[in-house]
Amino acid sequence: MSHEDVEILKRAIARERASRKAAEEILEAKSAELFELNQKLEASHKELETLYSKTNSQLQGVFENIVDAYVIIDLFGNVLKMNQAAVELLEFDSISEDVNLMNLVAPEEVKRIVPSFKGLLVDGSITNFKINILTKNKSNKYVHINASTIYEDGIAVAAQGIVRDITLENRYQQALESEKQKYSNIIANMNLGLVEVNNDDEILMVNQSFEKISGYSESELIGKKGGAVFQVDQDKNIIKTENEKRKRGESNSYELKVKNKAGEVRYWLISGAPNYDLQGNVIGSIGIHLDITELKNLEFQKEKLLQKLEKSNDELQEYAHIVSHDLKSPLRSIDALVSWLKEDNKDKLDEASLQNFDLIQTTLEKMEQLISDVLNYSSVSSDNSEKQSVDTQLLLDDLLKILYIPGHIKVKCMRQLPVLCGDKTKLQQVFQNLIGNAVKFNDKSKGLIEIDVEEQPEAFKFSIKDNGIGIAPQFHENIFKIFHALNKSKDSTGIGLSLVKKIVNLHEGQIWLESEPGIGTTFFFTLKK
(Lines give C-alpha, C1' and ligand atoms only; values in the text may rest on other atoms or scores of the structure.)
Protein backbone atom coordinates (compact mmCIF):
# COMPACT_ATOMS: atom_id res chain seq x y z
CA MET A 1 0.00 0.00 0.00
CA SER A 2 1.45 3.27 -0.94
CA HIS A 3 1.94 6.14 1.39
CA GLU A 4 -0.82 8.10 -0.30
CA ASP A 5 -3.26 5.29 0.14
CA VAL A 6 -2.40 5.12 3.81
CA GLU A 7 -3.05 8.85 4.16
CA ILE A 8 -6.38 8.55 2.41
CA LEU A 9 -7.36 5.67 4.68
CA LYS A 10 -6.35 7.64 7.79
CA ARG A 11 -8.41 10.64 6.68
CA ALA A 12 -11.41 8.35 5.99
CA ILE A 13 -11.15 6.76 9.46
CA ALA A 14 -10.90 10.20 11.06
CA ARG A 15 -14.02 11.40 9.24
CA GLU A 16 -15.91 8.26 10.28
CA ARG A 17 -14.90 8.75 13.91
CA ALA A 18 -15.99 12.36 13.73
CA SER A 19 -19.31 11.38 12.22
CA ARG A 20 -19.88 8.64 14.79
CA LYS A 21 -19.13 11.12 17.59
CA ALA A 22 -21.51 13.66 16.11
CA ALA A 23 -24.18 10.98 15.75
CA GLU A 24 -23.66 9.90 19.35
CA GLU A 25 -24.01 13.51 20.50
CA ILE A 26 -27.20 13.92 18.47
CA LEU A 27 -28.58 10.61 19.77
CA GLU A 28 -27.78 11.65 23.32
CA ALA A 29 -29.57 15.00 22.80
CA LYS A 30 -32.58 13.30 21.24
CA SER A 31 -32.68 10.77 24.08
CA ALA A 32 -32.77 13.66 26.55
CA GLU A 33 -35.58 15.29 24.59
CA LEU A 34 -37.51 12.00 24.48
CA PHE A 35 -37.12 11.52 28.20
CA GLU A 36 -38.33 15.04 28.86
CA LEU A 37 -41.31 14.54 26.51
CA ASN A 38 -42.12 11.23 28.20
CA GLN A 39 -42.14 13.00 31.55
CA LYS A 40 -44.50 15.60 30.20
CA LEU A 41 -46.81 12.93 28.73
CA GLU A 42 -46.93 11.12 32.04
CA ALA A 43 -47.80 14.39 33.80
CA SER A 44 -50.52 15.17 31.23
CA HIS A 45 -51.92 11.67 31.61
CA LYS A 46 -52.16 12.11 35.35
CA GLU A 47 -53.89 15.51 34.85
CA LEU A 48 -56.38 13.94 32.41
CA GLU A 49 -57.10 11.11 34.84
CA THR A 50 -57.70 13.64 37.63
CA LEU A 51 -59.92 15.79 35.38
CA TYR A 52 -61.82 12.72 34.21
CA SER A 53 -62.37 11.58 37.75
CA LYS A 54 -63.51 15.05 38.78
CA THR A 55 -65.80 15.49 35.77
CA ASN A 56 -67.23 12.00 36.20
CA SER A 57 -67.96 12.80 39.83
CA GLN A 58 -69.63 16.06 38.86
CA LEU A 59 -71.74 14.37 36.19
CA GLN A 60 -72.70 11.66 38.65
CA GLY A 61 -73.78 14.37 41.11
CA VAL A 62 -75.83 16.10 38.41
CA PHE A 63 -77.29 12.78 37.35
CA GLU A 64 -78.31 11.85 40.87
CA ASN A 65 -79.58 15.28 41.93
CA ILE A 66 -81.31 16.55 38.80
CA VAL A 67 -84.88 17.58 39.65
CA ASP A 68 -86.45 15.89 36.65
CA ALA A 69 -86.33 12.16 36.01
CA TYR A 70 -83.27 11.13 33.96
CA VAL A 71 -83.17 7.67 32.33
CA ILE A 72 -80.70 5.82 30.08
CA ILE A 73 -82.07 2.83 28.16
CA ASP A 74 -80.71 0.40 25.58
CA LEU A 75 -82.23 0.08 22.14
CA PHE A 76 -84.75 -2.45 23.44
CA GLY A 77 -86.12 -0.16 26.15
CA ASN A 78 -84.34 -1.79 29.09
CA VAL A 79 -83.30 0.69 31.77
CA LEU A 80 -79.51 0.89 32.10
CA LYS A 81 -79.39 3.72 34.56
CA MET A 82 -81.79 6.20 36.22
CA ASN A 83 -81.70 8.80 38.98
CA GLN A 84 -83.77 9.00 42.15
CA ALA A 85 -86.27 11.40 40.55
CA ALA A 86 -87.02 8.70 37.93
CA VAL A 87 -87.52 6.11 40.69
CA GLU A 88 -90.06 8.37 42.39
CA LEU A 89 -91.82 9.29 39.15
CA LEU A 90 -92.14 5.71 37.91
CA GLU A 91 -92.76 4.37 41.44
CA PHE A 92 -89.85 1.87 41.35
CA ASP A 93 -88.25 0.37 44.47
CA SER A 94 -84.66 1.42 43.69
CA ILE A 95 -82.39 2.87 41.00
CA SER A 96 -81.04 -0.60 40.19
CA GLU A 97 -84.41 -2.18 39.46
CA ASP A 98 -84.54 -4.23 36.27
CA VAL A 99 -87.37 -2.90 34.11
CA ASN A 100 -88.32 -2.25 30.49
CA LEU A 101 -89.85 1.17 29.88
CA MET A 102 -91.95 -0.14 27.00
CA ASN A 103 -94.02 -2.06 29.55
CA LEU A 104 -95.01 1.26 31.17
CA VAL A 105 -96.61 2.72 28.07
CA ALA A 106 -100.39 3.04 28.40
CA PRO A 107 -102.22 0.69 25.98
CA GLU A 108 -103.79 3.54 24.05
CA GLU A 109 -100.34 5.09 23.46
CA VAL A 110 -98.55 2.02 21.99
CA LYS A 111 -99.26 3.11 18.43
CA ARG A 112 -97.60 6.46 19.12
CA ILE A 113 -94.50 5.26 20.96
CA VAL A 114 -93.17 2.91 18.23
CA PRO A 115 -92.82 5.52 15.44
CA SER A 116 -91.49 8.04 17.96
CA PHE A 117 -88.74 5.62 19.09
CA LYS A 118 -87.82 4.95 15.48
CA GLY A 119 -87.65 8.71 14.89
CA LEU A 120 -85.26 8.98 17.85
CA LEU A 121 -82.87 6.49 16.26
CA VAL A 122 -83.07 8.11 12.84
CA ASP A 123 -82.94 11.79 13.82
CA GLY A 124 -80.84 11.42 16.95
CA SER A 125 -83.32 13.24 19.21
CA ILE A 126 -86.96 13.98 19.98
CA THR A 127 -88.32 16.98 21.88
CA ASN A 128 -91.60 17.97 23.48
CA PHE A 129 -93.02 14.45 23.25
CA LYS A 130 -96.03 13.95 25.54
CA ILE A 131 -97.51 10.57 26.42
CA ASN A 132 -99.61 8.75 29.00
CA ILE A 133 -97.78 6.10 31.04
CA LEU A 134 -98.67 3.59 33.73
CA THR A 135 -96.26 3.46 36.67
CA LYS A 136 -95.22 0.24 38.37
CA ASN A 137 -98.16 0.73 40.78
CA LYS A 138 -100.53 1.36 37.84
CA SER A 139 -100.85 5.08 38.46
CA ASN A 140 -101.74 6.97 35.30
CA LYS A 141 -99.39 9.85 34.61
CA TYR A 142 -98.96 12.26 31.74
CA VAL A 143 -95.28 12.99 31.01
CA HIS A 144 -93.18 15.25 28.82
CA ILE A 145 -90.03 13.71 27.25
CA ASN A 146 -86.90 15.21 25.67
CA ALA A 147 -84.52 12.42 24.50
CA SER A 148 -81.33 11.91 22.46
CA THR A 149 -79.40 8.94 21.05
CA ILE A 150 -76.04 7.79 22.50
CA TYR A 151 -73.47 6.74 19.86
CA GLU A 152 -70.30 4.65 20.00
CA ASP A 153 -68.03 4.75 16.95
CA GLY A 154 -70.91 6.29 15.02
CA ILE A 155 -73.28 3.49 15.91
CA ALA A 156 -76.41 4.07 18.09
CA VAL A 157 -76.07 1.98 21.24
CA ALA A 158 -78.47 3.60 23.73
CA ALA A 159 -80.76 6.53 24.41
CA GLN A 160 -81.05 9.03 27.24
CA GLY A 161 -83.92 11.29 28.19
CA ILE A 162 -85.38 13.80 30.63
CA VAL A 163 -88.90 12.81 31.74
CA ARG A 164 -91.06 15.46 33.42
CA ASP A 165 -94.39 14.76 35.17
CA ILE A 166 -96.96 17.19 33.75
CA THR A 167 -100.07 15.36 34.98
CA LEU A 168 -101.29 18.31 37.06
CA GLU A 169 -100.37 20.81 34.36
CA ASN A 170 -102.32 18.73 31.85
CA ARG A 171 -105.35 18.59 34.15
CA TYR A 172 -105.20 22.33 34.67
CA GLN A 173 -104.85 22.85 30.95
CA GLN A 174 -107.82 20.59 30.25
CA ALA A 175 -109.82 22.43 32.92
CA LEU A 176 -108.85 25.77 31.37
CA GLU A 177 -109.79 24.53 27.92
CA SER A 178 -113.10 23.28 29.29
CA GLU A 179 -113.77 26.62 30.98
CA LYS A 180 -112.68 28.46 27.86
CA GLN A 181 -115.04 26.36 25.74
CA LYS A 182 -117.85 26.87 28.23
CA TYR A 183 -117.45 30.63 28.32
CA SER A 184 -116.90 30.74 24.59
CA ASN A 185 -120.26 29.02 24.16
CA ILE A 186 -121.86 31.40 26.64
CA ILE A 187 -120.38 34.43 24.90
CA ALA A 188 -121.37 33.12 21.49
CA ASN A 189 -124.96 32.38 22.47
CA MET A 190 -125.78 34.89 25.19
CA ASN A 191 -128.49 37.45 24.52
CA LEU A 192 -126.01 40.32 24.84
CA GLY A 193 -123.80 41.54 22.05
CA LEU A 194 -120.07 41.32 22.80
CA VAL A 195 -117.47 43.41 20.97
CA GLU A 196 -113.71 43.64 21.46
CA VAL A 197 -111.82 46.59 19.96
CA ASN A 198 -108.23 47.80 20.11
CA ASN A 199 -107.09 51.27 21.17
CA ASP A 200 -107.81 52.57 17.66
CA ASP A 201 -111.46 51.42 17.91
CA GLU A 202 -110.81 48.69 15.33
CA ILE A 203 -113.11 45.71 15.90
CA LEU A 204 -111.24 42.50 16.78
CA MET A 205 -114.08 40.16 17.74
CA VAL A 206 -117.88 40.04 17.90
CA ASN A 207 -120.23 37.29 19.04
CA GLN A 208 -123.36 35.94 17.34
CA SER A 209 -125.73 38.12 19.37
CA PHE A 210 -123.94 41.25 18.23
CA GLU A 211 -124.17 40.07 14.63
CA LYS A 212 -127.91 39.70 15.19
CA ILE A 213 -128.54 43.13 16.74
CA SER A 214 -126.26 44.96 14.28
CA GLY A 215 -127.23 43.09 11.13
CA TYR A 216 -123.56 42.70 10.14
CA SER A 217 -121.59 39.45 9.93
CA GLU A 218 -118.29 39.08 11.78
CA SER A 219 -116.31 39.18 8.52
CA GLU A 220 -117.93 42.52 7.64
CA LEU A 221 -116.92 44.06 10.97
CA ILE A 222 -113.41 42.76 11.74
CA GLY A 223 -110.87 45.55 11.23
CA LYS A 224 -113.55 48.25 10.86
CA LYS A 225 -113.88 51.16 13.27
CA GLY A 226 -117.03 50.91 15.39
CA GLY A 227 -117.65 54.65 15.40
CA ALA A 228 -117.53 54.80 11.62
CA VAL A 229 -119.86 51.82 11.13
CA PHE A 230 -122.65 52.49 13.63
CA GLN A 231 -122.77 56.02 14.97
CA VAL A 232 -125.30 58.62 13.86
CA ASP A 233 -124.15 62.19 13.37
CA GLN A 234 -125.35 63.77 16.63
CA ASP A 235 -123.56 61.12 18.72
CA LYS A 236 -120.34 61.04 16.71
CA ASN A 237 -118.08 62.00 19.63
CA ILE A 238 -119.46 59.54 22.19
CA ILE A 239 -117.41 56.48 21.14
CA LYS A 240 -114.26 58.58 20.91
CA THR A 241 -114.88 59.91 24.42
CA GLU A 242 -115.59 56.43 25.79
CA ASN A 243 -112.46 54.99 24.18
CA GLU A 244 -110.40 57.67 25.91
CA LYS A 245 -111.94 56.61 29.22
CA ARG A 246 -110.92 52.99 28.55
CA LYS A 247 -107.33 54.07 27.90
CA ARG A 248 -107.39 55.68 31.36
CA GLY A 249 -108.63 52.39 32.84
CA GLU A 250 -112.21 53.60 33.46
CA SER A 251 -115.32 51.41 33.16
CA ASN A 252 -118.88 52.67 32.80
CA SER A 253 -122.21 52.28 31.03
CA TYR A 254 -123.76 54.61 28.50
CA GLU A 255 -126.52 54.77 25.89
CA LEU A 256 -125.78 55.11 22.20
CA LYS A 257 -128.03 55.87 19.26
CA VAL A 258 -126.90 53.86 16.21
CA LYS A 259 -127.94 52.69 12.78
CA ASN A 260 -127.84 48.98 11.94
CA LYS A 261 -127.00 47.51 8.56
CA ALA A 262 -130.59 48.01 7.37
CA GLY A 263 -130.36 51.72 8.20
CA GLU A 264 -132.77 51.44 11.14
CA VAL A 265 -132.17 53.69 14.14
CA ARG A 266 -131.59 51.60 17.26
CA TYR A 267 -130.67 52.37 20.85
CA TRP A 268 -128.00 50.35 22.66
CA LEU A 269 -127.05 50.28 26.32
CA ILE A 270 -123.30 49.60 26.42
CA SER A 271 -121.21 48.52 29.41
CA GLY A 272 -117.56 49.05 28.54
CA ALA A 273 -114.37 48.01 30.34
CA PRO A 274 -110.66 48.29 29.47
CA ASN A 275 -108.82 45.21 28.15
CA TYR A 276 -105.29 44.60 29.47
CA ASP A 277 -102.30 42.57 28.30
CA LEU A 278 -100.15 40.44 30.65
CA GLN A 279 -98.01 43.45 31.52
CA GLY A 280 -101.06 45.46 32.63
CA ASN A 281 -101.12 47.78 29.60
CA VAL A 282 -104.48 48.82 28.16
CA ILE A 283 -104.68 47.30 24.68
CA GLY A 284 -108.31 48.09 23.92
CA SER A 285 -111.74 47.56 25.43
CA ILE A 286 -114.56 45.06 25.66
CA GLY A 287 -118.19 46.15 25.46
CA ILE A 288 -121.45 44.37 26.32
CA HIS A 289 -124.33 45.65 24.16
CA LEU A 290 -128.04 45.44 24.99
CA ASP A 291 -130.60 46.59 22.43
CA ILE A 292 -132.99 48.83 24.40
CA THR A 293 -134.84 50.23 21.40
CA GLU A 294 -138.22 48.91 22.54
CA LEU A 295 -137.65 50.28 26.02
CA LYS A 296 -136.64 53.68 24.63
CA ASN A 297 -139.75 53.73 22.45
CA LEU A 298 -141.83 53.02 25.54
CA GLU A 299 -140.04 55.87 27.32
CA PHE A 300 -140.82 58.21 24.45
CA GLN A 301 -144.46 57.09 24.52
CA LYS A 302 -144.51 57.53 28.30
CA GLU A 303 -143.17 61.08 27.98
CA LYS A 304 -145.83 61.91 25.43
CA LEU A 305 -148.52 60.33 27.60
CA LEU A 306 -147.28 62.23 30.66
CA GLN A 307 -147.35 65.49 28.73
CA LYS A 308 -150.84 64.66 27.50
CA LEU A 309 -151.91 63.63 31.00
CA GLU A 310 -150.49 66.78 32.51
CA LYS A 311 -152.41 68.83 29.97
CA SER A 312 -155.58 66.84 30.68
CA ASN A 313 -155.14 67.31 34.44
CA ASP A 314 -154.76 71.04 33.99
CA GLU A 315 -157.87 71.14 31.83
CA LEU A 316 -159.76 68.91 34.30
CA GLN A 317 -158.73 71.10 37.23
CA GLU A 318 -159.83 74.19 35.41
CA TYR A 319 -163.07 72.45 34.46
CA ALA A 320 -163.65 71.36 38.08
CA HIS A 321 -163.31 74.91 39.34
CA ILE A 322 -165.64 76.19 36.66
CA VAL A 323 -168.20 73.47 37.36
CA SER A 324 -167.89 74.05 41.11
CA HIS A 325 -168.56 77.75 40.68
CA ASP A 326 -171.39 77.16 38.21
CA LEU A 327 -173.02 74.58 40.49
CA LYS A 328 -172.63 76.55 43.70
CA SER A 329 -174.13 79.74 42.27
CA PRO A 330 -177.63 78.33 41.58
CA LEU A 331 -177.53 76.43 44.89
CA ARG A 332 -176.89 79.66 46.76
CA SER A 333 -179.67 81.32 44.76
CA ILE A 334 -182.07 78.51 45.64
CA ASP A 335 -181.05 78.74 49.30
CA ALA A 336 -181.68 82.50 49.29
CA LEU A 337 -185.10 82.06 47.61
CA VAL A 338 -186.10 79.38 50.15
CA SER A 339 -185.07 81.69 53.00
CA TRP A 340 -187.13 84.53 51.52
CA LEU A 341 -190.17 82.30 51.05
CA LYS A 342 -189.93 81.11 54.66
CA GLU A 343 -189.54 84.67 55.93
CA ASP A 344 -192.35 86.09 53.79
CA ASN A 345 -194.79 83.26 54.51
CA LYS A 346 -193.87 82.15 58.02
CA ASP A 347 -197.36 83.15 59.30
CA LYS A 348 -199.13 81.39 56.42
CA LEU A 349 -197.20 78.06 56.38
CA ASP A 350 -198.01 75.20 58.69
CA GLU A 351 -195.42 73.25 60.66
CA ALA A 352 -195.03 70.51 58.01
CA SER A 353 -194.32 73.07 55.26
CA LEU A 354 -191.70 74.81 57.41
CA GLN A 355 -190.00 71.46 58.08
CA ASN A 356 -189.94 70.79 54.32
CA PHE A 357 -188.26 74.14 53.74
CA ASP A 358 -185.69 73.28 56.45
CA LEU A 359 -185.09 69.93 54.73
CA ILE A 360 -184.55 71.74 51.41
CA GLN A 361 -181.96 74.03 53.03
CA THR A 362 -180.21 71.09 54.71
CA THR A 363 -180.02 69.27 51.38
CA LEU A 364 -178.67 72.38 49.68
CA GLU A 365 -175.96 72.71 52.34
CA LYS A 366 -175.01 69.05 51.92
CA MET A 367 -174.84 69.44 48.14
CA GLU A 368 -172.61 72.51 48.46
CA GLN A 369 -170.35 70.58 50.87
CA LEU A 370 -170.30 67.66 48.45
CA ILE A 371 -169.23 69.94 45.61
CA SER A 372 -166.43 71.39 47.78
CA ASP A 373 -165.27 67.91 48.80
CA VAL A 374 -165.23 66.70 45.19
CA LEU A 375 -163.15 69.73 44.23
CA ASN A 376 -160.74 69.07 47.09
CA TYR A 377 -160.46 65.40 46.13
CA SER A 378 -159.71 66.21 42.49
CA SER A 379 -157.16 68.84 43.54
CA VAL A 380 -155.06 66.56 45.76
CA SER A 381 -153.10 64.72 43.04
CA SER A 382 -152.80 67.75 40.77
CA ASP A 383 -151.32 69.97 43.47
CA ASN A 384 -147.55 69.77 43.09
CA SER A 385 -146.66 71.80 46.18
CA GLU A 386 -143.05 71.27 47.22
CA LYS A 387 -142.66 69.09 50.31
CA GLN A 388 -141.14 70.68 53.37
CA SER A 389 -140.25 69.85 56.95
CA VAL A 390 -143.47 69.54 58.96
CA ASP A 391 -143.68 69.44 62.76
CA THR A 392 -146.74 67.19 63.20
CA GLN A 393 -146.95 68.00 66.93
CA LEU A 394 -147.24 71.71 66.21
CA LEU A 395 -149.67 70.95 63.37
CA LEU A 396 -151.88 68.93 65.77
CA ASP A 397 -151.77 71.60 68.47
CA ASP A 398 -152.90 74.30 65.98
CA LEU A 399 -155.59 72.00 64.59
CA LEU A 400 -157.10 71.25 68.01
CA LYS A 401 -157.48 75.00 68.59
CA ILE A 402 -159.82 75.39 65.61
CA LEU A 403 -161.67 72.05 65.68
CA TYR A 404 -164.90 71.80 67.62
CA ILE A 405 -164.36 69.21 70.37
CA PRO A 406 -167.43 68.70 72.62
CA GLY A 407 -166.82 68.90 76.36
CA HIS A 408 -167.54 65.23 76.98
CA ILE A 409 -164.79 64.12 74.58
CA LYS A 410 -161.13 64.20 75.59
CA VAL A 411 -158.30 64.25 73.02
CA LYS A 412 -155.05 62.81 74.36
CA CYS A 413 -151.65 62.76 72.61
CA MET A 414 -149.73 59.76 73.94
CA ARG A 415 -146.26 61.03 73.00
CA GLN A 416 -144.44 63.77 71.16
CA LEU A 417 -145.21 63.64 67.43
CA PRO A 418 -142.24 63.75 65.01
CA VAL A 419 -140.98 66.15 62.36
CA LEU A 420 -141.16 64.73 58.84
CA CYS A 421 -141.07 65.79 55.20
CA GLY A 422 -144.42 66.40 53.54
CA ASP A 423 -147.14 68.81 52.44
CA LYS A 424 -148.35 70.62 55.56
CA THR A 425 -151.80 71.48 54.21
CA LYS A 426 -152.53 67.95 53.06
CA LEU A 427 -151.25 66.41 56.30
CA GLN A 428 -153.53 68.77 58.21
CA GLN A 429 -156.45 67.44 56.15
CA VAL A 430 -155.52 63.86 57.21
CA PHE A 431 -155.55 64.65 60.94
CA GLN A 432 -158.61 66.90 60.61
CA ASN A 433 -160.69 64.25 58.84
CA LEU A 434 -159.71 61.38 61.16
CA ILE A 435 -160.14 63.39 64.39
CA GLY A 436 -163.36 64.92 63.04
CA ASN A 437 -164.79 61.46 62.32
CA ALA A 438 -163.74 60.25 65.78
CA VAL A 439 -165.67 63.15 67.31
CA LYS A 440 -168.64 62.87 64.97
CA PHE A 441 -169.21 59.14 65.48
CA ASN A 442 -168.67 58.94 69.24
CA ASP A 443 -171.77 57.84 71.15
CA LYS A 444 -170.22 57.53 74.59
CA SER A 445 -170.97 59.85 77.51
CA LYS A 446 -167.24 60.09 78.11
CA GLY A 447 -165.52 60.07 74.74
CA LEU A 448 -161.79 59.48 74.36
CA ILE A 449 -159.50 60.03 71.36
CA GLU A 450 -155.88 58.87 71.66
CA ILE A 451 -153.24 59.97 69.15
CA ASP A 452 -149.98 58.01 69.09
CA VAL A 453 -146.93 57.38 66.90
CA GLU A 454 -144.34 54.62 66.51
CA GLU A 455 -141.01 55.07 64.73
CA GLN A 456 -140.14 52.47 62.09
CA PRO A 457 -136.92 52.10 60.04
CA GLU A 458 -138.18 54.12 57.07
CA ALA A 459 -141.47 55.65 58.24
CA PHE A 460 -143.59 56.80 61.18
CA LYS A 461 -146.71 54.81 62.03
CA PHE A 462 -149.46 57.05 63.41
CA SER A 463 -152.62 55.87 65.12
CA ILE A 464 -155.86 57.69 66.04
CA LYS A 465 -157.96 55.63 68.43
CA ASP A 466 -161.50 56.36 69.64
CA ASN A 467 -164.11 54.65 71.79
CA GLY A 468 -166.97 55.47 69.41
CA ILE A 469 -169.56 53.37 67.61
CA GLY A 470 -167.02 51.21 65.75
CA ILE A 471 -167.16 49.82 62.21
CA ALA A 472 -168.20 46.30 61.20
CA PRO A 473 -165.41 44.24 59.47
CA GLN A 474 -167.27 44.00 56.13
CA PHE A 475 -167.01 47.79 55.73
CA HIS A 476 -163.29 48.15 56.50
CA GLU A 477 -162.30 48.30 52.82
CA ASN A 478 -165.30 50.14 51.38
CA ILE A 479 -165.06 53.15 53.67
CA PHE A 480 -161.92 54.29 51.80
CA LYS A 481 -163.82 54.37 48.48
CA ILE A 482 -165.25 57.65 47.30
CA PHE A 483 -168.96 58.30 48.11
CA HIS A 484 -169.10 55.28 50.48
CA ALA A 485 -170.55 56.75 53.66
CA LEU A 486 -171.75 54.39 56.39
CA ASN A 487 -173.91 57.03 58.09
CA LYS A 488 -176.22 58.96 55.81
CA SER A 489 -176.02 62.12 57.90
CA LYS A 490 -176.12 65.61 56.56
CA ASP A 491 -172.46 66.10 57.56
CA SER A 492 -171.16 63.06 55.67
CA THR A 493 -170.44 63.15 51.94
CA GLY A 494 -168.48 59.87 51.72
CA ILE A 495 -165.37 61.62 50.44
CA GLY A 496 -163.40 62.35 53.63
CA LEU A 497 -161.69 58.97 54.10
CA SER A 498 -161.04 58.51 50.39
CA LEU A 499 -159.33 61.92 50.48
CA VAL A 500 -157.27 60.82 53.50
CA LYS A 501 -156.18 57.63 51.70
CA LYS A 502 -155.20 59.61 48.62
CA ILE A 503 -153.06 62.02 50.66
CA VAL A 504 -151.36 59.17 52.57
CA ASN A 505 -150.58 57.42 49.27
CA LEU A 506 -149.03 60.62 47.92
CA HIS A 507 -146.70 60.55 50.94
CA GLU A 508 -145.69 56.95 50.09
CA GLY A 509 -147.63 55.57 53.05
CA GLN A 510 -150.45 53.16 53.82
CA ILE A 511 -153.68 53.43 55.82
CA TRP A 512 -155.80 50.75 57.50
CA LEU A 513 -158.01 50.30 60.55
CA GLU A 514 -158.91 47.97 63.38
CA SER A 515 -162.40 48.23 64.81
CA GLU A 516 -165.04 46.48 66.86
CA PRO A 517 -168.65 47.66 66.73
CA GLY A 518 -169.70 49.29 69.99
CA ILE A 519 -166.11 49.37 71.32
CA GLY A 520 -164.32 51.81 69.04
CA THR A 521 -162.01 52.24 66.05
CA THR A 522 -158.27 52.76 65.54
CA PHE A 523 -157.04 54.20 62.25
CA PHE A 524 -153.36 53.49 61.43
CA PHE A 525 -151.38 55.27 58.72
CA THR A 526 -147.71 55.51 57.84
CA LEU A 527 -145.83 58.52 56.54
CA LYS A 528 -142.33 58.23 55.08
CA LYS A 529 -139.58 59.94 57.06
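The table below lists the values:
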| quantity | calculated |
| --- | --- |
| Any hit, segment 69-83, residues being in contact with a strand residue (DSSP E or B) (Cβ under 9 Å, 6 or more places away or on another chain), assigned to a loop (DSSP other than H, G, I, E, B) and open to solvent by 20 Å² or more (accessible area, probe 1.4 Å) | yes |
| Test set (1) in contact with a helix residue (DSSP H, G or I) (Cβ under 7 Å, 6 or more places away or on another chain); (2) in contact (Cβ under 8 Å) with a residue 24 or more places away in the chain; (3) buried (at least 17 other Cβ atoms within 10 Å of the Cβ); (4) of a type in the set (A, V, I, L, M, F, W, C) - Val282 fails condition number | (3) |
| When residues of segment 246-272 are limited to those that are of a type in the set (Lys, Arg) and surrounded by 17 or more Cβ atoms within 10 Å (Cβ to Cβ), the one modelled with the highest pLDDT | Arg266 |
| Odd one out for Lys138, checked against (1) assigned to a loop (DSSP other than H, G, I, E, B); (2) modelled with pLDDT under 85 | (2) |
| For Leu204: the one exception among (1) in a helix (DSSP H, G or I); (2) under 29 Å from Asn185 (Cα atoms); (3) of a type outside the set (Val, Ile, Thr); (4) open to solvent by 70 Å² or more (accessible area, probe 1.4 Å) | (1) |
| Some residue of segment 36-43 being modelled with pLDDT of 75 or more, open to solvent by 100 Å² or more (accessible area, probe 1.4 Å) and over 30 Å from Met102 (Cβ atoms) | yes |
| Selection status of Asn275, in contact (Cβ under 8 Å) with a residue 24 or more places away in the chain, open to solvent by less than 80 Å² (accessible area, probe 1.4 Å), of a type outside the set (D, E, K, R) and over 15 Å from Asp201 (Cβ atoms) | no |
| Restricting segment 328-347 to residues that are part of a helix (DSSP H, G or I) and basic (Lys, Arg), the residue that is farthest from the chain's Cα centre (by Cα) | Lys342 |
| Filtered residues of segment 210-224 (kept if among the β-branched types (Val, Ile, Thr) and open to solvent by 70 Å² or more (accessible area, probe 1.4 Å)) | Ile222 |
| Residue satisfying all of: in segment 400-425; modelled with pLDDT of 90 or more, of a type in the set (A, V, I, L, M) and closer than 29 Å to Ile469 by Cα; most open to solvent (accessible area, probe 1.4 Å) among these | Met414 |
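The values are calculated or read from the model by the stated rules, or taken from the named source; none is laboratory data. Predicted model, so just to flag it, every value in this text is computed and none were measured. As a convention, Cβ positions derive from the backbone with ideal geometry for all residues, glycine included, and neighbour counts pool all protein chains shown. When the accessible area is computed, the model is the full protein with side chains, heavy atoms only, and any ligands, DNA or RNA have been set aside. Shrake-Rupley method; radii C 1.70, N 1.55, O 1.52, S 1.80 Å.
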